[in-house]
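Asker: Questions regarding the structure given below will be posed in turn.
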Amino acid sequence: MNNQRCSTLFLKLKGRKGIIHCIYVVGFMDLFGVSMIIPLLSHHVKALGASPTVAGIVGSTYGILQLFSSTIVGSWSDVVGRRYSLLTSILLSACGYGLLGISTSITLFVLARIPVGLFKHSLSICRALLSDLVSESERPLVMGHFNAASSVGFILGPVVGGYLTEHEGGFYTSSFTCAAIFLINAGLVWLLPWSETITDRNATNCSNSASKRCHDKHCGKSVQNGSHANNHHSASPTETEAERRAAGKPGLRWREVSLLQPAWRQLTSVSSRIHMVASSDMWDLFLVRLLMAVAIMLYYSNFSLAMEERFSMKPKMTGYLISYSSTLGALAGFLVGPVTQLYRNNMPALLLHSTMLTCLLIFLYAAAPSVWQVVLTSTFFAISTSIGRTCITDLELQRGGVHTSGTLIGAGQSVTAVGRVLAPLLSGLTQEISPCGPPSLGVVLALAAVGLLLVRIPKWDGRALAKTVKL
């Protein structure tokens, strides 16, 4: 009987791994399509006759919309489920890129950027879905692999986009290609085995030691529409998913949620989740995220110009160095799992050490006397930042709870969007002083993040210990 149960669990684990691998493909194709367009946007706006000021305002539209929509869409995915929200995000993004392909005026260009700015949160929802599928100990490994797959797409996309641009109407061809990639992604998401139920840890009762070992090692989480669910109970259409979880009831199916739950109730659930995260004691993590996001953006903000002014490096060679660093950043995603195991899943310590290393590398870059020292710092900088991003996301999910993973990841993206607004302004001001001004300010901000972590991490450990004693 126990052998039969374990065999069933192994079969269901294969289904879970299949879903995870498909999500990797979705992440790869997502950034592959987007990165085909990003390098061409500024050229296209100027070709439409926009002045530099208008081009700057148009370019900031996407970031501003992302700033306000990230948390809302992430929270909405917690309420209605991952499948419905992910499909909506991908399809509306495809519409935006399709409109971009017919944008022959500034007005059409801005209209095309609105749905993308509001709903291009497919990667955040994918991360939330992955956090639903895996255990806490597996999460850094899976997130690292997902980030690596996405980064590879971001590296390859500009190559294809640049090739298509060389032909007549290249921008429009690239836009329609990107829209087609998103439609393929939507089809892949639709075909995922959402009804595949992978045994919930809490629902499985392994009575003897052998079955308990099987359960501890191999039981996954149940997945129904990307949320923890079970099919054995009826669902009231007036209950929100959060209320059902609080009552110990299963989540709703995708069709039931999307058709039966009124819009006002969805809005109320989204608002309550955002308020819960906003009123939580997670300000320190979000502040660390903001400080490090701005510091890293300052490192890259004037990289090409600084290399030319400091070392007389040609733009072509700078491009090779940036590509080298990006490739290492993508490969670093595969190091997250082994490094996390080396730290025995002590994510606060890993975050502290990666932040300290990032701070040191920014300082070495700012003070670099030769190109070779810049190459060396770029090598380790790509690795440390990749590990740091995964760490802080995992800590946010640990402290906030997986049941609000969409809200937490969306809130983190909103904080990063604030950094995208602040970094260009700070970079411009500090460049007035010196080409090394932006990375020097980045060192100061990274040091502030290190100091904050040194003060707050003992309090995190104290809370964890108190929680363990209480349990």
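The values are calculated or read from the model by the stated rules, or taken from the named source; none is laboratory data. Predicted model only: the values in this text are computed from it and were never measured. Reconstructed Cβ throughout: ideal geometry from the backbone, glycine too, with neighbour counts over all protein chains shown. Remember, those area values only see protein heavy atoms, side chains included, never the ligands or the DNA or RNA. Shrake-Rupley method; radii C 1.70, N 1.55, O 1.52, S 1.80 Å.
Asker: Return the residues of segment 82-91 that are open to solvent by less than 10 Å² (accessible area, probe 1.4 Å) and not hydrophobic (A, V, I, L, M, F, W, C); say none if nothing qualifies.
Answerer: Start the filter on segment 82-91 by keeping residues that are open to solvent by less than 10 Å² (accessible area, probe 1.4 Å), which leaves 82, 85-86, 89-90.
Within segment 82-91, R82, S85, S89 qualify.
Asker: What's the total number of residues in segment 172-197 that are open to solvent by 30 Å² or more (accessible area, probe 1.4 Å) and not in a helix (DSSP H, G or I)?
Answerer: Total satisfying the criteria: 4.
Asker: While we're looking at this one, here's another question. Mind checking which residues of segment 92-133 are among the β-branched types (V, I, T) and open to solvent by 10 Å² or more (accessible area, probe 1.4 Å)? Show your work before the answer.
Answerer: Taking segment 92-133 first, the residues among the β-branched types (V, I, T) are 102, 104, 106-107, 110, 114, 116, 125.
Matches in segment 92-133: I102, T104, I106, T107, V110, I114.
Asker: Can I ask one more? Restricting to segment 276-302, give me the number of residues that are in a helix (DSSP H, G or I), open to solvent by 30 Å² or more (accessible area, probe 1.4 Å) and among the acidic types (D, E).
Answerer: Within segment 276-302, residues that are in a helix (DSSP H, G or I), open to solvent by 30 Å² or more (accessible area, probe 1.4 Å) and among the acidic types (D, E) number 0.
Asker: Identify all residues within segment 378-414 that are over 20 Å from L133 (Cα atoms), open to solvent by 20 Å² or more (accessible area, probe 1.4 Å) and of a type in the set (A, V, I, L, M); write none if there are none.
Answerer: Residue satisfying the conditions is I383 alone.
Quick grid of which residues meet (1) under 19 Å from F363 (Cα atoms); (2) of a type in the set (A, V, I, L, M, F, W, C); (3) in contact (Cβ under 8 Å) with a residue 40 or more places away in the chain:
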{"site": "M282", "(1), (2), (3)": "no, yes, yes"}
{"site": "L290", "(1), (2), (3)": "yes, yes, yes"}
{"site": "A293", "(1), (2), (3)": "yes, yes, yes"}
{"site": "I296", "(1), (2), (3)": "yes, yes, yes"}
{"site": "Y300", "(1), (2), (3)": "yes, no, no"}
{"site": "F303", "(1), (2), (3)": "yes, yes, no"}
{"site": "A306", "(1), (2), (3)": "yes, yes, yes"}
{"site": "K314", "(1), (2), (3)": "no, no, no"}
{"site": "M317", "(1), (2), (3)": "no, yes, no"}
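Asker: A follow-up question, please. Please specify each residue of segment 419-456 satisfying the condition of being within 30 Å of I125 (Cα to Cα), at pLDDT below 90 and among the β-branched types (V, I, T).
Answerer: V421 - this is the single residue of segment 419-456 that is within 30 Å of I125 (Cα to Cα), at pLDDT below 90 and among the β-branched types (V, I, T).
Asker: Considering only residues that are of a type in the set (G, A, S) and either in a helix (DSSP H, G or I) or crowded, with 24+ Cβ neighbours inside 10 Å (or both), which ones fall in segment 134-153? Spell out the reasoning first.
Answerer: Residues of segment 134-153 that are of a type in the set (G, A, S), as a first pass: 135, 137, 144, 148-151, 153.
If the condition is that a residue be of a type in the set (G, A, S) and either in a helix (DSSP H, G or I) or crowded, with 24+ Cβ neighbours inside 10 Å (or both), then G144, A148, A149, S150, S151, G153 are the ones that fit.
Asker: I'd like to check something: does segment 40-47 contain any residue that is in contact with a Ser or Thr (Cβ under 8 Å, 6 or more places away or on another chain) and either without any contact (Cβ under 8 Å) to a residue 12 or more places away in the chain or surrounded by 21 or more Cβ atoms within 10 Å (Cβ to Cβ) (or both)?
Answerer: Looking only at segment 40-47, we keep the residues that are in contact with a Ser or Thr (Cβ under 8 Å, 6 or more places away or on another chain), and these are 40, 44.
Okay, now just the ones that are also either without any contact (Cβ under 8 Å) to a residue 12 or more places away in the chain or surrounded by 21 or more Cβ atoms within 10 Å (Cβ to Cβ) (or both), so none.
Scanning segment 40-47, I find no residue that is in contact with a Ser or Thr (Cβ under 8 Å, 6 or more places away or on another chain) and either without any contact (Cβ under 8 Å) to a residue 12 or more places away in the chain or surrounded by 21 or more Cβ atoms within 10 Å (Cβ to Cβ) (or both), so the answer is no.
Asker: I'm told G333 meets every condition in (1) open to solvent by 30 Å² or more (accessible area, probe 1.4 Å); (2) in a helix (DSSP H, G or I) except one. Can you identify the failing condition by its number?
Answerer: Result: G333 fails condition (1) only.
Asker: Between a residue in segment 421-444 that is touching a residue at least 40 places away in the same chain (Cβ under 8 Å) and any residue that is open to solvent by 70 Å² or more (accessible area, probe 1.4 Å) and in a helix (DSSP H, G or I), which pairs come within a Cβ distance under 6 Å, given they are 6 or more apart or on different chains?
Answerer: Hits for this filter: P435/E309; V443/F363.
Asker: Could you give every pair whose Cβ atoms fall below 8 Å, whose first residue belongs to segment 163-186 and is under 13 Å from I37 (Cα atoms), and whose second residue is outside any helix (DSSP H, G or I) and open to solvent by 40 Å² or more (accessible area, probe 1.4 Å), counting only separations of at least 6 or pairs across chains?
Answerer: If the second residue must be outside any helix (DSSP H, G or I) and open to solvent by 40 Å² or more (accessible area, probe 1.4 Å), the pairs left are Y172/I102; T173/H167.
Asker: Looking only at segment 303-329, which residues are open to solvent by 90 Å² or more (accessible area, probe 1.4 Å) and part of a helix (DSSP H, G or I)?
Answerer: First, the residues of segment 303-329 that are open to solvent by 90 Å² or more (accessible area, probe 1.4 Å): 308-309, 312, 314-317, 320, 324.
Passing the criteria: E308, E309, P315, K316, M317, Y320, Y324.
Asker: Of R265, R273, which residue is in a helix (DSSP H, G or I), at pLDDT below 80, more than 25 Å from G388 (Cβ to Cβ) and touching a Ser or Thr at 6+ places or on another chain (Cβ under 8 Å)?
Answerer: Values: R273 fails: at pLDDT below 80.
One residue alone meets the criteria, R265.
Asker: Do we find that G169 is crowded, with 17+ Cβ neighbours inside 10 Å and modelled with pLDDT under 90 in this structure? Walk me through how you get there before you give the answer.
Answerer: On the way: crowded, with 17+ Cβ neighbours inside 10 Å: no; modelled with pLDDT under 90: yes.
No, not satisfied.
Asker: Let me ask something additional. Answer yes or no as to whether V79 is assigned to a helix (DSSP H, G or I), buried (at least 22 other Cβ atoms within 10 Å of the Cβ) and out of contact with any Cys (no Cβ under 6 Å at 6 or more places or on another chain).
Answerer: Against the criterion (assigned to a helix (DSSP H, G or I), buried (at least 22 other Cβ atoms within 10 Å of the Cβ) and out of contact with any Cys (no Cβ under 6 Å at 6 or more places or on another chain)), V79 qualifies.
Asker: On to the next question. Do the conditions hold for L86, that is, is it more than 16 Å from the chain's Cα centre (by Cα) and part of a helix (DSSP H, G or I)? Let's see the steps before the verdict.
Answerer: Details: more than 16 Å from the chain's Cα centre (by Cα): no; part of a helix (DSSP H, G or I): yes.
Here the answer is no, as L86 does not meet what is asked.
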